[in-house]
Structures are given as structure tokens and as C-alpha cells.
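Shown next, in C-alpha cells, is the structure this report addresses.
The values are calculated or read from the model by the stated rules, or taken from the named source; none is laboratory data. Not measured: the values here are computed from a predicted model. Reconstructed Cβ throughout: ideal geometry from the backbone, glycine too, with neighbour counts over all protein chains shown. Ligands, DNA and RNA are excluded from the accessible area calculation, which covers all protein heavy atoms including side chains. Shrake-Rupley method; radii C 1.70, N 1.55, O 1.52, S 1.80 Å.
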Amino acid sequence: MINDLWYKNAILYCLSVGTYMDANGDGIGDFTGLMRRLDYLHGLGITAIWLMPFQVSPQRDDGYDVADYYGVDPRYGTLGDFVEFTHAAEQRGIRVLIDLVINHTSNEHPWFKEARKDPHSKYRDWYVWSKKKPANANTGMVFPGVQKSTWSYDEEAKAWYFHRFYEFQPDLNTSHPEVQAEILKIMGFWIQLGVSGFRMDAVPFIIATKGPDVRKPEEQYDMLRMFREFLQWRQGDAIVLAEANVLPDTDMEYFGDDGDRMHMMFNFQVNQHLFYALAAADTRPLVKALKATKPRPATAQWGLFLRNHDELDLGRLTEEERQIVFAAFGPKKEMQLYDRGIRRRLAPMLDGDQRRLELAYSLLFTLPGTPVIRYGDEIGMGDDLSLPERNCARTPMQWSNEPQGGFTKSEKPRLPVISGGPYGYEHINAAIQRRHPESMLNWTERIIRMRKEVPEVGWGDFTVIPTRDPAVLVMRYDWRNNWVLFVHNFDAKPREVTFSVGLDGDNAGYGKLLVNLLAEDHSRADGSGKHRLVIEAYGYRWYRVGGLDYLLRRTEVDAPLHAKTGRRGDGMAAFPPARSQGKMRP
Ligand code: NOJ
Ligand code: CA
């Protein structure tokens, strides 16, 4: 197993250039501004930035409608500014991932303009057409309520074109070899300019078969290997983080049995069930989701998130579970979106209650995978529900209590800065929180620092420890003869739990001592080897198992499984199983 897969334990931070920091005062954030904030990000402790689309675009879907893949939108700066930025990030040890939006282009992309104008143009086949209105034109919309169909008639082309998303986002014919070659060229271009990989937008749709006669789209998973091979050849440590909201039984298709497809995927299954657990103080469906998404190749990793730039999609919950989450976190119609989700930011969903925010973040940092933080959540920013669709949670970063939250010198930022009320920049901003040791910002900085000292989460194997109390989640991670254990109480009341750490053989003794990494209250097991804890409302604990001499005990390789018993050996020999971390463990 390779030792230094950086993404296994990274701290990702996602942001839009346009709403982060405006250096030239035109009301739109830019690369120069972002570059000036790199010291802030470095101080926070993040190790990689995921930039939402910044390429040339008419901006009808916040840049997810690209009109030129090889250029920076002039609103954000120049290609030169971009390279200065990636260089400055690299100097601080921060990697940059960028969004790769190649399921569709903008309808203003020159390829589409050519394609609709001239049926003989080579670009005609780069899109998906039909002479007649396809029978399924009014099905499969991603944005129900806003998007009317998935096929629209184009007057100029005198034909219908397919668009999985908005009508101004014609789908690329991604099965076409020339389109595939172009996708690789786009990847190669940005790799050359200093990025460490891509967050690949809408992956299930990229690889799906498309066309008027396609009744049930089929995924062409081999395309994923092609992207991977190209990327790994051009730059060994570059990765793809796939946006694929799919069911667990297809996860391995996306990762590849031999870890030969996507390096990372967002764990939507855990995300949705985590919100249910937070709403209902019931961790059982979350535990199911954790177990269902456990199998993955040893080199692959989950991207974990709480909120992102889209709505919180609850489509994978049962109707009953979904209604519980709506009632708790988005009871009003204006808080909901597309009949399936909540469009609010995290802090207002949790009533700005720092105990609950810490609980949610503690989970983000300790569930299996690599955490992805959304800009502004580190200070508990709110939302502006008067803005349409998902824009409510995309308002400018709140830096200080100076005009426009210190985001811009302009009086007219592109999206309004949240002002007044409990989430206004006057109260919620980075500058004020810097001065308060217990602020969300300083808490986040400290927890990131601790998370970096707990590599077990990213590398290790986890076990959910039974407690008989569905409101409390106890998890242990094992890696290289070291163990950590996390306890989270989802309930609004204190809970008492009893459990054993569950180490056996020579290691059983270590399980008797739990050293608290965040506070002074350590735990010693009773005579029968059980720990009894009282955890306050929404409380959380990070423990090292067996004492702080763990680094003196850490082995250089994982303990192999004992052939006969299926249990861990003494950690002296051989390699861990190469694939399917979860699948192959006892
Ligand atoms: C997924 C992105 O996350 C979302 O913001 C966008 O609207 C769609 N893809 C369409 O590109
Ligand atoms: Ca600007």
C-alpha cells in the first residue's frame, strides 16, 4: 500500500472565487482577492481548496454553464492570476482542485453555436439531438419545479436537443470519441497549470448512454478508467473526486474493483442519513449507511460533507425520515427546494446552536473519509432566503464588520452580503471570531489541528461499537497498532452509555484506558472491562485508546489478518489486503 496518498487524510475547503474576496472593487470576488486570503486558509489548517467553476460562462447556473473550458472568466481575473494563485497556494502547501463540468456546456459555447447552425459541422455530433420530440422529454429533470423538460426544441437547428439539467445546458455526447479526447485535453490543460485534480460534476450522467431512443440510460463505467489512466499518466498524484449521488451497491463500479477508477466520491448516503440522525437523535439508519458504504478499495476515499453549494438532497431517505428532517431543519416551503431538499446553510438549520454545530462538525471530522468544508461554515454563516433557488447559501464571505462584511469596496456586490439579524456580517464575521477563543472559527482551527493528528480516520478500518442507545454513536478506528474511539450524543439530553472498546488478544488491555484528546476527563474501564460515560446534550468525545504512547507503538505496516481466525496478527508482517477495505475485514 502506498504510504502518502495525500487525499486519504486531506482537509478540503470549497469556495467560489466570485463570493470570496473582491480585490479590485467591482463587487465580484477575484483570484487576486482569493490569493490575499490564502494566509487565512493556511492558518485555518486546510490542505486543499476545491474551486467551483471559474471558467468563461454566461453565469446562468453559477458557472456550471461553461462557454470556454480553457479560459478564466474575465470577471475573476486572467489565466495569469490563476497561475499566480495556484503557485501561492502551493507555497503554503495547499493543493487546488477545480470543478470539471463536462456533462454539458453552456448553450453559448462556440461548439453548441456551431452545432445548431450547421448540421454538417463536426460539432453537431458533440451534442445529443432528435428530429422528433422524444417520448420521455418530460421526465428525468434534475431540477423539478424549475426545469420543465429534458429535451428542448432549437429553432436554428430545427431539432430537439437533450439537456439533463437546465435548458441552457445542452448535454455533451460523452460517448463520442472526439468529445472524450477533448475532455482529456481539458484535464491536461489545467493539470499543466498547477491543479491537483478535479471535482467531476454529475458523473453518473457523464457516463450514461444518451439519446432519443434510450429508455433506461446505462452507465459506461469504463470511461472512468480512461479518465483515471490519463490523469495518472500526466500527473501521478492528481485525483478525481466524483459527484455521484448513487446507491451503495454501485459504489464499487465507480471506485473500480482494483481502485482503478475514481479516487474519491462524495458520500451522499452518509450525508443524508447523518442529517436524519441529527434531526431524530436516531443513529440506526446512519449506521446502516456507514456499513453499506464501507466496501471500497484500500486506495479509494470518501469525501464527507455537511452542506455544499447545492440543496441538501434528501431523496435517499424514506418518506417518513425525510419529513422528520424537513420538520426539524426546513419546515417552511421557502426553505425547501426541488421537492427533495433543503436549501439553507448549516448554522440556521441548527438554530445557530454552537453545541449542535460542533457536534455536526465533530462528526464530519471523524466519520470515515476526508472532510470537505464549505466556505463560511467555519464562522457559522447564514443564508438569504429571498435569493432564488440555491443562491440563498452562496452569499459573500463575511470577513469583518466593515461595510459589505469586508468582502468588497463596492456598494453593489454581485450577491448581497447578509446584513442585519442574527447572521448579519455585523455579528458573524471572521475578524470578530478571531478574538474569541471559543468562537466557531477558533474551534474549527483547533479541531482541524487535532484531526491531522488522527490519521486513523483516513487510513484505518472502522467498527461501530454497540451501545443499546440509538442516540449515541460509538466508533473505533484501527490502524497500524493504534486505535482511536469517538463518541457522539445526538440527543438534546445527556445520555449514559456503557460499552467495551472491543480489542481482543494481546491488545485487550489497551482498551481499558481512553485518553480524552479534547478535555481532561479520561475514562478507565471497570473490572469487567466496560466504560461507563455520561455525555452531555449534543456532546462528543475524541479518545486515544490505551494512552498517549501510541506513536511508540505504531507499526510501519498494518497487521495482517490471521488466515485461520480472520483476526489481526501482531503487526509484524506483510501487507494489508490490496482491495476492498471493508469487504475483506472480519
Ligand atoms: C451539479 C452541481 O453541483 C450543481 O450546482 C449544478 O447546477 C449541476 N451539477 C449542473 O451542472
Ligand atoms: Ca473583482
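Tabulated data for the structure shown
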item	result
Square roots of five times the Cα gyration tensor eigenvalues for the chain, Å	40, 28, 23
Sum of side-chain charges, ASN107 neighbourhood, beta-carbon under 15 Å (Lys, Arg +1; Asp, Glu -1)	-4
Helix-only [θ]222 nm of the chain, DSSP H runs n ≥ 4, -39500 (n - 2.57) each, per residue, nearest 500	-7000 deg cm²/dmol
Surface share of carbon and sulfur [accessible, 1.4 angstrom probe, percent] for the chain	50
Cα-only Debye scattering, segment 101-148: base-10 log of I(q)/I(0) at q = 0.13, 0.21, 0.27, 0.32 Å⁻¹	-0.40, -0.91, -1.06, -1.10
Cα centroid separation, segment 293-313 to segment 225-264 (Å)	13
Relative contact order for the chain, counting Cα pairs under 8 Å that sit 6 or more residues apart, in percent	12
Rounded accessible area per residue of segment 365-424, 1.4 Å, Å²	33
Test item: Cα-centred dipole of segment 118-195, Lys/Arg +1 and Asp/Glu -1 on Cβ, debye	240
Segment 118-197 - Rg (one decimal) and Dmax (whole number), Cα, Å	15.2, 45
Residues of type lysines that LYS158 reaches as a straight line, Cα spacing below 26 Å, ignoring anything fewer than 8 places off in the same chain	LYS113, LYS117, LYS122, LYS131, LYS132, LYS133, LYS148, LYS210, LYS216
Whole-Å distance, taken between Cα centres, linking segment 271-291 and segment 11-49	33
Alpha carbon Rg of segment 341-416, scaled by the compact-globule rule 2.2 N^0.38 Å	1.22
In Hz, Karplus ³J(HN,Hα) per residue of segment 239-255 (6.51, -1.76, 1.60; θ = phi - 60°; x = Gly, Pro)	10, 10, 10, 8, 8, 9, 8, 10, 7, x, 6, 9, 3, 5, 5, 7, 6
Distant alpha-carbon pairs in segment 151-273 (separation over 27 angstrom), percent	23
Calculated from backbone phi, Karplus (6.51, -1.76, 1.60) coupling profile of segment 19-26 in Hz, x at Gly/Pro	10, 9, 6, 9, 7, 9, x, 9
Added length on full extension, which subtracts the Cα-Cα distance from 0.36 nm per residue, ASP39 to ASP118	23.4 nm
For segment 4-143, fraction of C-alpha pairs farther apart than 26 Å, in %	38
Segment 115-192 and segment 386-438: distance between their alpha carbon centers, rounded to Å	37
Heavy-atom accessible area order for ASP39, ASP339, ASP237, largest first, 1.4 Å probe	ASP339, ASP39, ASP237
Candidate lysines - alpha carbon under 21 Å from LYS8, same-chain residues fewer than 8 apart omitted	LYS291, LYS294, LYS452, LYS583
Accessible area (Å², per residue) of segment 230-345, counting only protein heavy atoms and a probe of 1.4 Å	35
FRET efficiency estimate (nearest 0.05) - Cβ-Cβ, TYR221 to ARG524, R0 51 angstrom	0.55
Placed amide H near ALA208: partners under 5 Å, 5+ positions off or other chain	GLN220
Dimensionless Rg ratio for segment 70-215, taking C-alpha atoms and the 2.2 N^0.38 Å reference	1.18
Computed magnitude of the charge dipole of the chain (debye, nearest 20; Cβ of K, R +1, Cβ of D, E -1)	1120
Segment ALA181-TRP6, extension gain: residue separation times 0.36 nm, minus the distance between their alpha carbons	60.2 nm
Label point 7 Å beyond Cα of GLU334 along Cβ direction - residues of segment 297-320 with amide nitrogen under 19 Å	311-312
Computed over segment 101-163: relative contact order in percent, which uses C-alpha pairs under 8 Å that are six or more apart	29
Relative contact order computed over segment 325-436 (Cα-Cα under 8 Å; 6+ residues apart), in percent	21
Label point distance in nm, GLU84-LYS132, each placed 7 Å from Cα along Cα→Cβ	5.8
Solvent exposure ordering (accessible area, 1.4 Å, most first) of TYR76, TYR153	TYR153, TYR76
Computed over segment 400-468, the ratio Rg/Rh where both radii use C-alpha atoms and Rh is Kirkwood	1.23
